[in-house]
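Here's the structure we're looking at; comments come further down.
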Amino acid sequence: MNGFRADREGKPPHRRGLLAGALSLGGFVLSGCDRVSNEPQARSILDAANVLTYRVQRFLLGAHRLAPEFAEADISSEFRANGSTDPQDDEYLDLADKDFADWRLKVDGLVEHELSLSLADLRALPSRTQITRHDCVEGWSCIGKWTGVPLAEILSRAGVKPQARYVVFHCADTLDDGSLSEDPEKIRYYESIDLDDADHPQTILAYDMNGKKLDIAHGAPLRLRLERQLGYKMAKYVMRVELVRSYAGLHGGKGGYWEDRGYEWYAGI
Amino acid sequence: MVAREITASATIASEARRVVPDPPVRWFHRHSGFVRVTHWVNALCFILLLMSGLQIFNAHPALYVGADSDFEHPTISITAQRADHGIKGETLLFGRQFDTTGVLGVSSMNGQPTPRAFPSWSTIPSYQDLATGRRWHFFFAWLLVLNGLAYLVFGFAKGHFRRDLLPSAAELRHLGTDIIAHLRLRFPRGDTAKRYNVLQQLAYLAAVFLLLPLIVLTGLTMSPGIDTAVPQLLSAFGGRQSARLIHFLAASGLVLFVIVHIVMVLVSGVWNNIRSMITGWYDLGTAPR
């Protein structure tokens, strides 16, 4: 006889009982996983993996290793726009109406000299053009060509104070997902990166995409490119660059719009 | 003549005494502690990685060939489409379209047909939440890799792979007979049950040295940070989106492996098999016959 042999007591186990047991165990595991997912302590244990990822990747990457760059022929025919694609905030609409002639990039916080730069000012600074792959946290990728000012150029002109540890990008768009009913000022998109990434040669504030002026869907007039991390780090509609010692006091305290909603601050994975 | 025959049979009898101990040993220590611990850690990681992986897949349920996503031409996709009565689930697989309403594309959530690539019961968390799915996935990915590395070091150091998993030429010659025996659900017993049969050896070798390394490496290739540190991975797998496709196919291969593995455990003496993977001890006496 094959299959279920009698066990040592001589009682054959019930197949149906086994199946029911497996199914209820599965249900228990599932509801258990949902409960664990909502338990702050359990989440912080799961988070330990991301701290490990950050340390290991920073060790492997060093400060200046470049993300892969591509050829003109590799540029995607359709570059998907995600998150805000048409901000309806009053201040932004006014700026867009005048083709961003009145728009200024503010640079402040822990800097020696605060800056206020027009698009013409930015275009007059040294630029970098790069064809890179954009990876969305959802899983898709698009390849595009970006031209802009290396962030390091701007920071060296502003003079970063020694206490500064992070660069925060404040944006013009309100990407309200309905989960938080705060005032618009508090749910404006924002992001933060550390000084290692801020100094990286491919970290640029881009004003051109695929050889043309950046369009509204992709973040006009200025967006961040941070090629070694995922798309949600690359703030669009950037209005202000702030140097801070800690981002804990900003918005939800996790260093970014999506970070405040559960995504990892370090998005190199 | 007669004397010689007597001598010959005496020799056979004495050899038989030496080779076959009497009474035969019933309990056989089949799995070392290291294999047992890494097996169960691996099993836990696999199920949680699979289910959190399906959660991540659901965030963009389409797979492509190449570096970037050609949104109009996915290789595999699971979508919800408008139908005459409500919505239907459609699965595209290498150019073929299948109606998979109820399971893939459209499935029931709180009694309502809901657009969802993989159904609620197959994902962690059960509701749509990419951020949390990623947390689970990366935590257990680290555990899987560390457990796998420990297993590999042990396997090579102790000769586990050479001794137990590498089929001999003689065993390979038995491949055909073994396949037929498996299809007829006839399994080795007694002394032959002490050793993995050739089908087991090949399946385990494929899982350990092909599918698992493939799934880890293609997983790493999806990380923009790792792509910067080790761009060779991109050339090896033909770009990030190809890596994502291969990751999914390798996961499917592992699911197939696990299904066959569990069926084999069930039909070839379920309690004996489970006992030996928990305590190490396998009962040769009550092996199926």
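The values are calculated or read from the model by the stated rules, or taken from the named source; none is laboratory data. Just so we're clear, the structure is a prediction, and the values are computed from it rather than from any experiment. Note that we place each Cβ from the backbone using ideal geometry, even for glycine, and neighbour counts take in every protein chain shown.
With respect to the conditions (1) within 28 Å of A:E78 (Cα to Cα); (2) within 14 Å of another protein chain (Cβ to nearest Cβ), A:G219 falls short on a single one, namely (2). Can you find even one residue in region B:91-105 that is touching a Gly at 6+ places or on another chain (Cβ under 7 Å), within 14 Å of chain A (Cβ to nearest Cβ) and either more than 27 Å from B:S235 (Cβ to Cβ) or buried (at least 16 other Cβ atoms within 10 Å of the Cβ) (or both)? Within region B:91-105 (the criterion being touching a Gly at 6+ places or on another chain (Cβ under 7 Å), within 14 Å of chain A (Cβ to nearest Cβ) and either more than 27 Å from B:S235 (Cβ to Cβ) or buried (at least 16 other Cβ atoms within 10 Å of the Cβ) (or both)), the answer is no, since none of the residues qualifies.
Looking at region A:69-93, I want the residues that are small (G, A, S) and have a partner that is modelled with pLDDT under 95 and assigned to a loop (DSSP other than H, G, I, E, B) with Cβ atoms under 7 Å, at least 6 apart or on another chain. Which pairs are those? Correct list of pairs: A:G83/A:L175; A:S84/A:L175. Pairing residues of region B:58-80 that are more than 19 Å from B:S235 (Cβ to Cβ) and free of Cβ contacts under 8 Å to residues at least 40 places away in the same chain with residues that are of a type in the set (S, T, Y) and not in a strand (DSSP E or B), at Cβ distances under 7 Å and at least 6 apart in sequence or on separate chains, gives B:D70/B:Y64; B:P74/B:Y64. Comparison of A:S156, A:S181 shows that the only residue that is at pLDDT below 95 and not charged (D, E, K, R) is A:S181.
Can you confirm whether B:S120 is in contact with a strand residue (DSSP E or B) (Cβ under 6 Å, 6 or more places away or on another chain), within 22 Å of B:S252 (Cα to Cα) and surrounded by fewer than 20 Cβ atoms within 10 Å (Cβ to Cβ)?
Numbers: in contact with a strand residue (DSSP E or B) (Cβ under 6 Å, 6 or more places away or on another chain): yes; within 22 Å of B:S252 (Cα to Cα): yes; surrounded by fewer than 20 Cβ atoms within 10 Å (Cβ to Cβ): yes.
Considered against the rule, which asks whether it is in contact with a strand residue (DSSP E or B) (Cβ under 6 Å, 6 or more places away or on another chain), within 22 Å of B:S252 (Cα to Cα) and surrounded by fewer than 20 Cβ atoms within 10 Å (Cβ to Cβ), B:S120 comes out as yes.
Scan region B:22-34 for residues that are within 14 Å of chain A (Cβ to nearest Cβ) and part of a strand (DSSP E or B) and jot them down. Listed by number, the list holds a single entry, B:W27.
Where helices (runs of 4 or more DSSP H) fall entirely within region A:23-127, those with at least 1 residues that are among the hydroxyl-bearing types (S, T, Y) are at A:40-61, A:90-97.
Just one residue in the set A:R80, A:R35, A:R58, A:R8 is within 11 Å of chain B (Cβ to nearest Cβ), more than 25 Å from A:D194 (Cα to Cα) and at pLDDT 90 or above; that residue is A:R80.
Restricting region B:162-187 to residues that are part of a loop (DSSP other than H, G, I, E, B) and in contact (Cβ under 8 Å) with a residue 12 or more places away in the chain, which is nearest to B:V25 (Cα to Cα)?
Taking region B:162-187 first, the residues part of a loop (DSSP other than H, G, I, E, B) are B:166-168, B:174, B:184-187.
Checking the rest, the ones that are also in contact (Cβ under 8 Å) with a residue 12 or more places away in the chain come to B:166-167, B:174, B:185, B:187.
Working: B:L166: 25, B:P167: 25, B:H174: 26, B:L185: 25, B:F187: 19 Å.
By that ranking, first place goes to B:F187.
For the criterion of being at the interface with another protein chain (Cβ under 10 Å from one of its Cβ atoms), among the hydroxyl-bearing types (S, T, Y) and on the phi < 0 side of the Ramachandran plot, B:T228 passes.
Condition check for B:V198 on (1) β-branched (V, I, T); (2) within 14 Å of another protein chain (Cβ to nearest Cβ); (3) more than 23 Å from B:V145 (Cβ to Cβ); (4) touching a residue at least 24 places away in the same chain (Cβ under 8 Å): one failure, at (2).
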